[in-house]
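For reference, the structure discussed in these notes is given below.
The values are calculated or read from the model by the stated rules, or taken from the named source; none is laboratory data. All figures in this text were calculated on a predicted structure; none of them were measured in a lab. Note that we place each Cβ from the backbone using ideal geometry, even for glycine, and neighbour counts take in every protein chain shown. Accessible surface areas use protein heavy atoms only, side chains included; no ligands, DNA or RNA. Shrake-Rupley method; radii C 1.70, N 1.55, O 1.52, S 1.80 Å.
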Amino acid sequence: MPDPFEHTLPDLGLAASGERPERVDERGTFGLALTLHWTSGAVNHSDCLVTPRMKLGQDRFPPELEAGLHHQPAGAVTSHRWPDGAPLPGYRGEDVLSIEDSAFNRHLRRVAVEPRAGRFYPRGFIAGVRGLLREDRTPFRMGSVDDGRLTIDLNHPMAGRDIEVQARILDISRARRGGAACHDVVELAAYNGPGMQARWRGRPTDFRADDPFRRADPQPDHDFYRQPRFVQHLDRTALAHIRRLYRDLIPPGADILDLMSSWVSHLDDVAVPRSVTGLGMNAEELGANPLLTEHLVHDLNAEPRLPRDDQVFDAVVCTVSVEYLIHPVAVFREVRRVLRPGGRFILTFSDRWFPPKAIALWQDLHEFERMGLVLEYFFEAGGFDGLNTWSLRGLPRPDDDKYADRLTRSDPIFAVWGEKYG
């Protein structure tokens, strides 16, 4: 699994005035990249959260991790595997409940919401069950939906899973004066998302109900994309890590298809690709892309078939665009067709998009559920193994970014990839 900080240590701007301490101790604070490694079925998952101000003796570290961090320099890595998911909350069978269908408040929000198997909802939707309050936004999982009964799972999404926690020291500074929040380090890494991309008990998640592929703008895409847009969708830090991910996953000398391409391809760090074919919606944007050896104007929502022969690419990438596909499984099958055996299909995305053209389902999902949706596309298409999900959150936004006055954190990155077999 790629480590986003293996070859570079970002300066998180943590150091106070004066010389930086060289090693972690109780007197200083330090930036930390916390990564959860875990599996669900045959899928490997890696979820990284960057925390800029941690402190030994103040924040709660598992002893196995704390011992590996003490007196270590920036760049040092320590990890520990817990076969039963500790120190996260354990899985409790009594937290899986069967309730009446009527206990789910479909009208909690302005638009009626139907419960769907495998999906996550705020606990306010089942206010009254076990004394839960309407204002409670903690997610719970809808396990199954049967005639008149709902199975709900109140366990933490990572409860009971085997996990490995890796901690990498990113930066060290002198302690600042004043108090700071006390964090449980492993719970912090597993908070608000990890685990939500996996199926519930191995069963497919119901992403098909409620007209999921409708869009606010149903007009043909060629009208929307007729005007070129020479813009970057993500901040500079996020894009740099997408480039590093592609570098780590695509072999040298590859024939690459950049699916739903534009004026940039984010493949700059891939070693000596033999060819880069860009397939997109705007000829002017594609013509301005310096990495492309060939470009094709093609609307996948009008015609999912790719205009290429079988087994001609070693890798296919799709950057911040999967949310626009209205025939995703057909496109995934086409990608499988044009890939050579062992070739990878890599999709990256974030939490920014063109709202009129993104599918309704994408906008309704928690950001970690979106990785689960893309996994379901792989499962439905068939013919892929080596499935992985990867997330990176919490890096600081560049000071010169146009949103720096409103957003302190870099755009989160999510990725899903698989390899063609056979």
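What full-extension length gain, to one decimal in nm, is calculated for THR138 and ALA288 as 0.36 nm per residue of separation minus the Cα-Cα distance? Intermediate values should be presented prior to the final figure.
Values: separation 150, 0.36 × 150 = 54.00 nm, distance 4.56 nm.
Gain on stretching THR138 to ALA288: 49.4 nm.
Quick one: length gained pulling VAL111 to ARG308 fully straight, 0.36 nm per residue minus the C-alpha distance?
Working: separation 197, 0.36 × 197 = 70.92 nm, distance 4.28 nm.
Computed gain between VAL111 and ARG308 is 66.6 nm.
Which whole-number percent is the relative contact order of the stretch 34-165 (Cα, under 8 Å, 6+ apart)?
Values: 198 pairs, mean separation 38.6, N = 132.
Contact order relative to length: 29 percent.
Just to be sure I understand: with springs between alpha-carbon atoms less than 10 Å apart, which residue in ARG119, ARG308, ARG81 has the highest mean-square fluctuation in the Gaussian network model of the chain?
Looking only at ARG119, ARG308, ARG81, the biggest GNM fluctuation is shown by ARG308.
Keeping all protein chains in position, work out how much accessible area PHE61 exposes to a 1.4 Å probe, and write it in Å² to the nearest 10.
Its heavy atoms expose roughly 20 Å² to the probe.
List the relative contact order of the stretch 224-327 as a percent without decimals, with contacts defined as Cα pairs under 8 Å and 6+ residues apart. Kindly include the intermediate steps, with their values, before the conclusion.
Numbers: 167 pairs, mean separation 29.0, N = 104.
Normalised by residue count, the contact order of the stretch 224-327 is 28 percent.
Cα-Cα pairs above 19 Å in the stretch 268-411: how many percent? Don't jump to the answer; show the numbers that get you there.
Numbers: 6162 of 10296 pairs.
Considering the stretch 268-411, 60 percent of its Cα-Cα pairs are separated by more than 19 Å.
Using a/c under 1.5 as the rounded threshold, could you call the stretch 179-249 rounded, prolate or oblate? The axes a ≥ b ≥ c are square roots of the C-alpha gyration tensor eigenvalues, and prolate needs a/b larger than b/c, oblate otherwise.
On the way: a/c = 2.21, a/b = 1.31, b/c = 1.68.
Oblate is the answer for the stretch 179-249, as a/c is 1.5 or above yet b/c matches or exceeds a/b.
Using DSSP to define loop residues, name the trypsin sites (Lys or Arg not before Pro) in the stretch 375-422 whose beta-carbon has at most 15 other beta-carbon atoms within 10 Å. Write out the running numbers ahead of the final one.
Working: sites: ARG393, LYS402, ARG406, ARG409, LYS420; in loops: LYS402, ARG406.
Sparse-neighbourhood loop trypsin sites (Lys or Arg not before Pro): LYS402, ARG406.
In deg cm²/dmol, rounded to 500, what helix-only [θ] at 222 nm does the chain give when every DSSP H run of at least 4 residues adds -39500 (n - 2.57) and the total is split over its residues? Walk me through the intermediate numbers first.
Details: 8 runs with 66 residues, N = 422.
Helix contribution divided over all residues of the chain: -4500 deg cm²/dmol.
Please work out which option in (i) 31; (ii) 24; (iii) 50 gives percent of Cα pairs over 36 Å apart calculated from these coordinates, and answer with its label.
(i)
Determine the distance separating the Cα centre of the stretch 367-422 from the Cα centre of the stretch 120-144; give it in Å without decimals.
Here the answer is 26 Å between Cα centres.
Quick check: net charge around ALA360, other residues with Cβ under 12 Å of its Cβ, Lys/Arg +1 and Asp/Glu -1?
Working: positive: ARG214, ARG215, LYS357; negative: ASP210, ASP211, ASP217, GLU323, ASP364.
Local net charge: -2.
Which whole-number value in Å² is the accessible area per residue of the chain, probe 1.4 Å?
Numbers: 18720 Å² over 422 residues.
Result: 44 Å² per residue.
Which of the listed residues, MET54, ALA67, GLN311, is farthest toward the dipole's positive end in the chain, when Lys, Arg count +1 and Asp, Glu count -1 at the beta-carbon?
Projecting each Cα onto the dipole axis, the largest value belongs to MET54.
May I ask you to compute the full-extension gain from TRP82 to ARG201, defined as 0.36 nm times their residue separation minus their alpha-carbon distance, rounded to one decimal in nm?
Numbers: separation 119, 0.36 × 119 = 42.84 nm, distance 2.03 nm.
Answer, rounded to one decimal: 40.8 nm.
Reachable aspartates and glutamates from LYS402, Cα under 12 Å, same-chain residues fewer than 8 places away excluded?
ASP235
Which residues does a label at HIS327 reach in the stretch 373-412, if reach means a backbone N under 16 Å from a point 7 Å past the Cα toward the Cβ?
Of the residues in the stretch 373-412, 381 have backbone N under 16 Å from the label point off HIS327.
Between VAL231 and ASP400, how high is the FRET efficiency from 1/(1 + (r/R0)^6) when r is the Cβ-Cβ distance and R₀ = 25 Å? Nearest 0.05.
Working: r = 16 Å, r/R0 = 0.64.
Calculated value: 0.95.
How much of the DSSP beta bridge set in the chain is antiparallel, as a percent to the nearest 5? Mind dumping the intermediate values first?
Details: 54 of 81 bridges.
If I count the DSSP bridges inside the chain, around 65 percent turn out antiparallel.
Give me the percent of the accessible area of the stretch 104-155 that comes from carbon and sulfur atoms, probe 1.4 Å, all protein chains in place. Before the final figure, lay out each step's value.
Details: 1300 of 2750 Å².
The nonpolar share, carbon plus sulfur, comes to 47 percent.
Among the aspartates and glutamates, select those whose C-alpha is under 17 Å from the C-alpha of LYS55, and discard any that sit fewer than 8 residues away in the same chain.
GLU22, ASP25, GLU26, GLU64, GLU66, ASP171, ASP184, GLU187
Taking square-rooted eigenvalues a ≥ b ≥ c of the alpha carbon gyration tensor, is the stretch 346-422 rounded, prolate or oblate, where a/c under 1.5 means rounded and, failing that, a/b exceeding b/c means prolate? Please list the in-between numbers first.
Working: a/c = 3.05, a/b = 1.83, b/c = 1.67.
It is prolate, given that a/c is not under 1.5 and a/b is the larger ratio.
Can you list the aspartates and glutamates whose alpha carbon sits under 20 Å from that of LYS420, skipping same-chain ones fewer than 8 residues off?
ASP248, ASP255, ASP258, ASP309, ASP310, ASP314, GLU334, GLU376, GLU380, ASP385
Might you report the magnitude of the Cβ-based charge dipole of the chain about its Cα centre, with Lys and Arg at +1 and Asp and Glu at -1, to the nearest 20 debye?
Numbers: 53 positive and 62 negative charges, 127 e Å.
Value, rounded to 20: 600 debye.
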